[in-house]
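Asks: Okay, handing you the structure first.
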Amino acid sequence: FLCLLIVLPLPITLPTFLWLIVVLFLAALLFAMIGVLFAWLSPSPSAFHALMSVVLIPMWLLSGAMFPLNGFLYGLNSINPMGSVVSALRSLLLGTGLPLVDCGGIMAWLIISGCALTLGVKRRVVD
């Protein structure tokens, strides 16, 4: 992803590039935590794949990455963790400013998923 910045005509400066790395790291950590949580709570690998498909595909489609969101769907995007990631990356790549609010949303989802993962690990006894 970052290698494409060389050929794209985008206003990328060193601080913007560093912000991109931070946002991508936080997003990777967030979705890894969500994946581990679902894997921990799933009774079988097929249940894990089904759960990830049911959760991630709508999250991706309603993030605003594929088509612009208006009205009710835009409101759903504000509670979508992938929507925060897409919004942060869009504002960085288009040069519209620092995505502090979006990074706050990503951090909030990191805290929520970390707490859920902690509770899920405590609740399920390893056989």
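The values are calculated or read from the model by the stated rules, or taken from the named source; none is laboratory data. Not measured: the values here are computed from a predicted model. Backbone-built Cβ (ideal geometry, glycine too); neighbour counts: all protein chains shown. In case anyone asks, the SASA skips ligands and DNA or RNA and just uses the protein heavy atoms, side chains included. Shrake-Rupley method; radii C 1.70, N 1.55, O 1.52, S 1.80 Å.
Asks: From the backbone phi of the range 105-117, what are the Karplus-calculated ³J(HN,Hα) couplings (6.51 cos²θ - 1.76 cosθ + 1.60, θ = phi - 60°) in whole Hz, Gly and Pro given as x?
Replies: Values per residue, Gly and Pro as x: x, 5, 5, 4, 5, 5, 5, 5, 6, x, 5, 5, 5 Hz.
Asks: Now for a separate question. Mind listing the phi-derived Karplus ³J(HN,Hα) values for the range 19-34, rounded to whole Hz, using 6.51, -1.76 and 1.60 with θ = phi - 60°, and x for any glycine or proline?
Replies: Going residue by residue, I get 5, 4, 5, 5, 5, 5, 5, 5, 5, 5, 5, 4, 6, 5, 5, 5 Hz, with x marking Gly and Pro.
Asks: Right, here's the next one. Quick one: accessible surface of Phe38, probe radius 1.4 Å, all protein chains present, in square angstrom to the nearest 10.
Replies: So the heavy atoms of Phe38 present about 40 Å² to solvent.
Asks: Let me check I have the definition right: for the range 19-109, take the eigenvalues of the Cα gyration tensor, multiply each by 5, take square roots. What are those semi-axes in whole Å, largest first?
Replies: That gives 25, 16, 10 Å for the three semi-axes.
Asks: For the residue pair Leu10 and Leu100, what label-to-label distance in nm results when each label sits 7 Å from Cα along the Cα-to-beta-carbon direction?
Replies: So the two model labels end up 2.2 nm from each other.
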